[in-house]
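The values are calculated or read from the model by the stated rules, or taken from the named source; none is laboratory data. In this text the structure is predicted, and so the values were computed from the model without any measurement. Note: ideal-geometry Cβ built from the backbone for every residue, glycine included; neighbour counts use all protein chains shown.
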Amino acid sequence: MTRARTLIARFVTGIALLLAGFLVYMYVESRPTAQARLAIQTDATVRVTVRPRDMLFEPVAVRRAAAGLLFLPGSPVDPIAYAPLARAIAARGHSTAIVSLPYRGLASAKSRHLATRASEAMRALGAQRWVIAGHSRGGEFGSRLVLDNPGRFAALVLIATTHPRSFSLVNTSVDVIQVSGDRDGTTSDDELGAARARLPASTRHVVISGANHSQFGFYGWYPFDGTPTISHASQIAQTVDILLATLGKADSAAADAPRTDRHNDREGTQD
């Protein structure tokens, strides 16, 4: 009996050490790079405001467009890791907010805390139309916001994610674009296809050849990811082009649409 208890104790200790090691690895690899940290500095092109729950990127050198971008990070990646992407979008005239996921994405996507944070960011930037984009688990949170508030968003861009999984957006009128990389080791064609079955029939699937999972941001190596065959700069540039095209479409539609965002931005609860 004593021997059995010893073996069980060793097994439990081993599992605990493996889990602790994995959490340390994820923490280290989820930190933003030096390039990402430089992107949160204000200059003559983009004004950056770093707040506790979000980061706001506003164009300075060009006319502000009607459509803005709400970006949701992957989990548990530091939101700063997406600052270069947000900055590139803002430099082209589209106000952009990176909204932190509650508990770095370890909370339920049903959490109303994110709705509150999204509303605060949207109200601060005041765009007429909004495109929401999410990387990895950020895609689940973004899909949930569209499900709960379809009238607030012109488009949803799902980047390297197999969400939504537990609910359907088939009947939404929101424009949806699914973006994936063919070197992403965290997703498969079958999983992406299953996700598209829960999206509108009009959903467009854009595959970036040579792209993996980690290079959609500026952080370390995501577990089980594949090896990219294109440069980080190329993958980010192609992602920015996809987002700009989606924002351009929303921008054109904004010219004929009434401004309705502001009076709807008070939902959710404070955390």
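Looking across the range 188-204, the residues that are buried (at least 16 other Cβ atoms within 10 Å of the Cβ) and touching a strand residue (DSSP E or B) at 6+ places or on another chain (Cβ under 9 Å) come down to 192, 195, 196, 199, 200, 203.
Can you name the residue in the range 116-129 that is under 13 Å from residue 98 (Cα atoms) and either out of contact with any strand residue (DSSP E or B) (no Cβ under 9 Å at 6 or more places or on another chain) or of a type in the set (A, V, I, L, M, F, W, C) (or both) and, of all such residues, is surrounded by the fewest Cβ atoms within 10 Å (Cβ to Cβ)? Walk me through it before giving the result.
Restricting attention to the range 116-129, the residues satisfying the condition of being under 13 Å from residue 98 (Cα atoms) are 117-122, 124-125.
Then keep just the ones that are either out of contact with any strand residue (DSSP E or B) (no Cβ under 9 Å at 6 or more places or on another chain) or of a type in the set (A, V, I, L, M, F, W, C) (or both); that gives 118-119, 121-122, 124-125.
Details: 118: 27, 119: 21, 121: 25, 122: 24, 124: 15, 125: 23.
By that ranking, first place goes to 124.
Whenever a residue of the range 48-62 is in contact (Cβ under 8 Å) with a residue 12 or more places away in the chain and within 18 Å of residue 119 (Cα to Cα), its partners that are of a type in the set (Asp, Glu) and in a loop (DSSP other than H, G, I, E, B), lying with C-beta atoms within less than 9 angstrom and at least six residues away or across chains, give the pairs 53/271.
Report, by residue number, each residue of the range 36-50 that is more than 23 Å from residue 220 (Cα to Cα) and not hydroxyl-bearing (Ser, Thr, Tyr).
Step one: list which residues in the range 36-50 are more than 23 Å from residue 220 (Cα to Cα), which gives 42-49.
Across the range 36-50, the qualifying residues are 43, 44, 46, 47, 48.
If you go through the range 79-113 and keep only what is surrounded by fewer than 24 Cβ atoms within 10 Å (Cβ to Cβ), touching a Ser or Thr at 6+ places or on another chain (Cβ under 7 Å) and at pLDDT 95 or above, you end up with just 91.
Taken over the range 155-175, the criterion of being among the hydrophobic types (A, V, I, L, M, F, W, C) and surrounded by fewer than 24 Cβ atoms within 10 Å (Cβ to Cβ) is satisfied by 155, 167, 169, 170, 174.
Within the set 185, 181, 220, 210, the sole residue that is surrounded by 15 or more Cβ atoms within 10 Å (Cβ to Cβ), within 14 Å of residue 135 (Cβ to Cβ) and not aliphatic (A, V, I, L, M) turns out to be 181.
Checking 251, 241 one by one, the residue that is modelled with pLDDT under 95, assigned to a helix (DSSP H, G or I) and either under 17 Å from the mean Cα position of the chain (by Cα) or surrounded by 16 or more Cβ atoms within 10 Å (Cβ to Cβ) (or both) is 251 and no other.
Here is a check on your reading of the model: is residue 229 closer than 19 Å to residue 137 by Cα and at pLDDT 95 or above?
Values: closer than 19 Å to residue 137 by Cα: no; at pLDDT 95 or above: yes.
No, not satisfied.
The single condition from (1) surrounded by fewer than 20 Cβ atoms within 10 Å (Cβ to Cβ); (2) of a type outside the set (D, E, K, R); (3) at pLDDT 95 or above that residue 76 fails is (3). Could you check the range 59-73 and list, in sequence order, the residues that are modelled with pLDDT of 95 or more and surrounded by fewer than 19 Cβ atoms within 10 Å (Cβ to Cβ)? Scanning the range 59-73 gives 60, 62, 63, 64.
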